[in-house]
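The values are calculated or read from the model by the stated rules, or taken from the named source; none is laboratory data. Because the structure is predicted, anything quoted here is derived from the model rather than measured. Methodologically, a virtual Cβ is constructed for each residue, glycine included, from the backbone with ideal geometry; neighbour enumeration extends over all protein chains shown. We work out accessible area using only protein heavy atoms, side chains counted, and drop any ligands, DNA or RNA first. Shrake-Rupley method; radii C 1.70, N 1.55, O 1.52, S 1.80 Å.
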Amino acid sequence: MNCKNCKTILSDNHNFCSNCGESTKVKRLKVKSIIGLFFSNFFSVDNKFLKTFTDLTIRPETVINNYVSGFRKKYVNVITYLGLSITLIGFQFFILRRFFPELLIVDSLNVSNNLKINNDAFDINAVFDSFYQYQGLLTILFIPIYTFASRLLFLDFKKYNLAEHFVINIYTNAHFFIIWFFITIITLPLKLNYNLFSQFVIIPMIIYLTFTFKRLYALRTFDACIRVVAYNIIALIVTGVIIITCAIAYGFYIAYTGQLTPFNAH
C-alpha cells in the first residue's frame, strides 16, 4: 500500500508511514471523534496552549525568555497567541452584541441632541459599536505604541532590545485579553454594563504588567509598579493624541462636506 500523504510504498503491517509519520489506519470521521480531538488539543496536560496560558499567568518570564532565546517549540508562537486573543475578542463582542446588547449601551449625556450628521442625530452608541467591531485590529495597531513606551521606560536596562520588547508586549497584551475574555463571559449573568465595567480594566492590567516586568528585570515591586504606571500613561497619552487627531480630522471632513450641522439649526 501507499502512504496517503507522501505516497511512500509501505507494507500492510505498518501503522505509520516510515517517511512522514502519517497514520495508515484512518477511520471515518464521527462527531464523537471531533469533540474528543477538540478537548485533547486544548485541554490536555501536554497541550501547548494550556501550558502557555498557565506559564504566562504564573511565570511569564519563562515563556518570554524561551521565545527570545530561540526555544520556541514548548509554547504557542507569539503571533499565534496574538491571533487567538483577537479571535476571542471578536467572539466576545459577537456574544455581547448578539445576546446582551443592553450591556453595551452608552449614556450619551444628550450628545445626540446637539449634533446631526447627514440629517440624523449623532449616535454615540453607533460609534462605540464600530469601535467594538474593530477591537481586534485596534489591538494590533496599538501594540507598537506599548512597545515603544516599554522600551523607553527601560532604557537603563540593556537586557531586551526593541524587537524583544515587541515579543514582551504581544505576549502580555494577548494574554491579558484572553483572561479578560474569560472574565467577561463569567460575569455576563451579573448583567454588568460592559462600558462601565471595562473602565476598571486598567487596574488588573497594571497588576499583571507589574508582575511581568518585575520578574523579567528582577525589580522590586514598587519600582516595577512605578515604571508600569508611567508606561501606561505614555501609551494612553499617545493613544489619546492619535484618537483626538483622527476625530478632529473626521470632524473637519464631515463639516467640510456639509454632513455635520447643529441639531437646532434652522
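If I ask for residues that are open to solvent by less than 80 Å² (accessible area, probe 1.4 Å), within 21 Å of LEU209 (Cα to Cα) and in a helix (DSSP H, G or I), which ones from segment 70-106 would you list?
At the first step, the residues of segment 70-106 found to be open to solvent by less than 80 Å² (accessible area, probe 1.4 Å) are 70, 75-78, 81-86, 88-90, 92-93, 95-96, 100-101, 103-104, 106.
Those still in the list that are within 21 Å of LEU209 (Cα to Cα) too: 75-78, 81-86, 88-89.
Correct list: VAL78, TYR81, LEU82, GLY83, LEU84, SER85, ILE86, LEU88, ILE89.
LEU56 is checked against (1) at pLDDT 90 or above; (2) within 28 Å of LEU192 (Cβ to Cβ); (3) not in a helix (DSSP H, G or I) and fails just one. What number does that condition carry?
(3)
If you scan segment 149-182, which residues turn out to be more than 20 Å from THR57 (Cα to Cα), free of Cβ contacts under 8 Å to residues at least 60 places away in the same chain and part of a helix (DSSP H, G or I)?
Within segment 149-182, the first condition is being more than 20 Å from THR57 (Cα to Cα), and the residues that meet it are 149, 151-163.
Going one step further and asking which of them are free of Cβ contacts under 8 Å to residues at least 60 places away in the same chain, we end up with 151, 155-156, 158-159, 161-163.
Listed by number, the residues that qualify are ARG151, LEU162, ALA163.
Residue by residue, here is whether (1) open to solvent by 20 Å² or more (accessible area, probe 1.4 Å); (2) at pLDDT below 95; (3) over 25 Å from THR57 (Cβ atoms); (4) not in a helix (DSSP H, G or I) holds:
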residue: LEU196; (1), (2), (3), (4): yes, yes, yes, no
residue: ILE206; (1), (2), (3), (4): yes, yes, no, no
residue: PHE211; (1), (2), (3), (4): yes, no, no, no
residue: TYR253; (1), (2), (3), (4): yes, yes, yes, no
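Considering only segment 213-227, I want to know if a residue exists there that is part of a helix (DSSP H, G or I), closer than 30 Å to GLU102 by Cβ and open to solvent by less than 30 Å² (accessible area, probe 1.4 Å).
At the first step, the residues of segment 213-227 found to be part of a helix (DSSP H, G or I) are 213-217, 221-227.
Right, trim to closer than 30 Å to GLU102 by Cβ and you get none.
No - not one qualifying residue is present in segment 213-227.
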